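The values are calculated or read from the model by the stated rules, or taken from the named source; none is laboratory data. It should be emphasised that the depicted structure is a prediction, and the values quoted were computed from it without experimental measurement. Cβ: placed from backbone, ideal geometry, glycine included. Neighbour counts: every protein chain shown.
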């Protein structure tokens, strides 16, 4: 069965998407929720995935846990950035992707035996005592209630599903292959380093020398007319009741905030927390045995310095390779169980305040940890979460008020449609929470810039007639009432419609040719021994120094330049290269290679198997993601968009 699944699905490699990263992020940051349909509580359906129903209460509980986790990670800063994070849509994608993976695993024929389930529980460090032994059935249940807030039955059902998903991922990983050439390309990209100087000659200064006549522009259009072909496009005019504006005007008193707090105390219950500092000696995933040994030796030396009474913060600032905490003396702040990797967490919660432990090995490298203190499970005081509560109360109130005002607008527009843009603007000006917008042209299935994040609104517009008033519709910024303003038919547009675009493209191409001619003169003089800085100034530019550059990295403000990378790593030290086109808008560049550090074939041979294994794991994840995308197209998924819009980001 498993082999047949792979044969049937290997064709999906051509559909590979990187969306697997989203699943990883969600699995890391979303706590386990309140169980599956039938055990997750009542309420309206938030998501329907085939036969699986996610109730609104289950959905909100999962989203609440995600919100709490981010609040623990970011502290007070979370109140400032919450409005930029689409928690609701992340939660919806989590449920959808998880259900598709479970269904696919069962379709393949995977099951989880009671023995496998028991072994997974016994191996989980969350259920080990200080000696590393299982804590016992009673303590196991208490841990589930205290930290996971789940019954043993719900926890074990969820763990069974996780094991099914793990088996599916393992199957995909066992049956992909990465060639020697791909391994070598990846190894070179990781290890080869170059230093070079770069002089860019932009095309804009040459535009003044370019003259394009009417006949040239028309001839260029006639020769490339197919490049300008477009499908049918439409535009809409819409009134937006903007929730962010509403929130600034709606009242909320302290009594309401206090009442919300009293009614939702469990939302503000914080589990046991630890405060620690650490020093990280990083080990790359593809590090050789020699490199790993050197890192371990260095970590042991740093640990000895810390344990001999040195200033831990000063040692961390000097030796740690964790950029997120190094400058703060390794301070990680307060964190709870489940936020750190298991090896790190186990070491911290088994220690006492003041202990220095390590080196502790994890997937990131070696940690030396100083435990500063602990605080027990406690109720966060109202004053600490007041602004968080204010945001939630106003969010719900603004969503309801925006919908109500949009409904009033829709009825008014249908009964007395405005005939001119000025009349539309008068209506918008009557309410400070309402703004008038006109969309850019869009195609069927597009997200409409500024109005929608999905294709639904565009699809409705393609079913409407010019002048139709539609809505109200929930969108990320609030609620809109819209009118189909224009239909642009499919085909090659008339020359007059795209004349300016054609002329600008032609002028840019000619200017780049002139820049390249100057680039050839510059390169010849640089090869002849000219000073780079002096030459750059003479040609109206400056020298950009690229240091420790690897293939695929951005070059200054020019972005990624594959053609330049290929030339640099194929050249010798001292070579002057170019001119090389720098992509749209970049003109041309001339480069001089200062130094090259190329891979040692023997090192490549030693690292080949480890690197191949990592690349195979990545490719297996991509394969699985592409298959799930296909399954998603074949699965009836219904999402309560109005529910998601209630919690949509309020700012970008």
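Restricting 269, 246, 240, 168 to those that are surrounded by 15 or more Cβ atoms within 10 Å (Cβ to Cβ) and at pLDDT below 85 reduces the list to 246.
Quick grid of which residues meet (1) under 30 Å from residue 290 (Cβ atoms); (2) surrounded by fewer than 21 Cβ atoms within 10 Å (Cβ to Cβ); (3) in the same structural domain as residue 99 (by TED's automatic domain parsing):
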residue	(1), (2), (3)
560	no, yes, no
579	no, no, no
590	no, no, no
605	yes, yes, no
623	no, no, yes
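Looking across segment 204-226, the residues that are surrounded by 13 or more Cβ atoms within 10 Å (Cβ to Cβ) and either not in a helix (DSSP H, G or I) or not assigned by TED's automatic domain parsing to the domain that holds residue 510 (or both) come down to 210, 212.
Contact annotation: residue pairs with Cβ atoms under 6 Å, 6 or more positions apart or on different chains, pairing a residue in segment 428-440 that is in the same structural domain as residue 410 (by TED's automatic domain parsing) and part of a loop (DSSP other than H, G, I, E, B) with a partner that is loosely packed, with under 13 Cβ neighbours inside 10 Å and modelled with pLDDT under 90, are 440/449. The residue that is farthest from the chain's Cα centre (by Cα), among those in segment 373-417 that are surrounded by 18 or more Cβ atoms within 10 Å (Cβ to Cβ) and at pLDDT 85 or above, is 413. Selection of segment 325-347 for residues being more than 14 Å from residue 280 (Cβ to Cβ) and either crowded, with 17+ Cβ neighbours inside 10 Å or outside the structural domain of residue 364 (by TED's automatic domain parsing) (or both) yields 335, 336, 337, 338, 339, 345, 346. When the residues of segment 614-652 are filtered to those that are without any contact (Cβ under 8 Å) to a residue 12 or more places away in the chain and out of contact with any helix residue (DSSP H, G or I) (no Cβ under 9 Å at 6 or more places or on another chain), the one that is nearest to residue 573 (Cα to Cα) is 633.
If you check 594, 642 for being within 30 Å of residue 84 (Cβ to Cβ), over 21 Å from the mean Cα position of the chain (by Cα) and surrounded by fewer than 17 Cβ atoms within 10 Å (Cβ to Cβ), only one passes: 642. On the stretch given as segment 79-89, residues that are surrounded by fewer than 18 Cβ atoms within 10 Å (Cβ to Cβ) and in contact (Cβ under 8 Å) with a residue 12 or more places away in the chain total 5.
Can we say residue 501 is surrounded by fewer than 19 Cβ atoms within 10 Å (Cβ to Cβ), assigned by TED's automatic domain parsing to the domain that holds residue 539 and either in a loop (DSSP other than H, G, I, E, B) or touching a residue at least 60 places away in the same chain (Cβ under 8 Å) (or both)? Yes: the conditions hold for residue 501. When the residues of segment 291-334 are filtered to those that are assigned to a loop (DSSP other than H, G, I, E, B) and in contact with a helix residue (DSSP H, G or I) (Cβ under 7 Å, 6 or more places away or on another chain), which remaining residue is farthest from residue 360 (Cα to Cα)? In this case the residue turns out to be 329.
Selection of segment 37-62 for residues being at pLDDT below 85 and in a helix (DSSP H, G or I) yields 56, 57, 58, 60, 61, 62. Residues in segment 362-372 that are touching a strand residue (DSSP E or B) at 6+ places or on another chain (Cβ under 8 Å) and surrounded by fewer than 19 Cβ atoms within 10 Å (Cβ to Cβ) were compared, and the one that is modelled with the highest pLDDT is 372.
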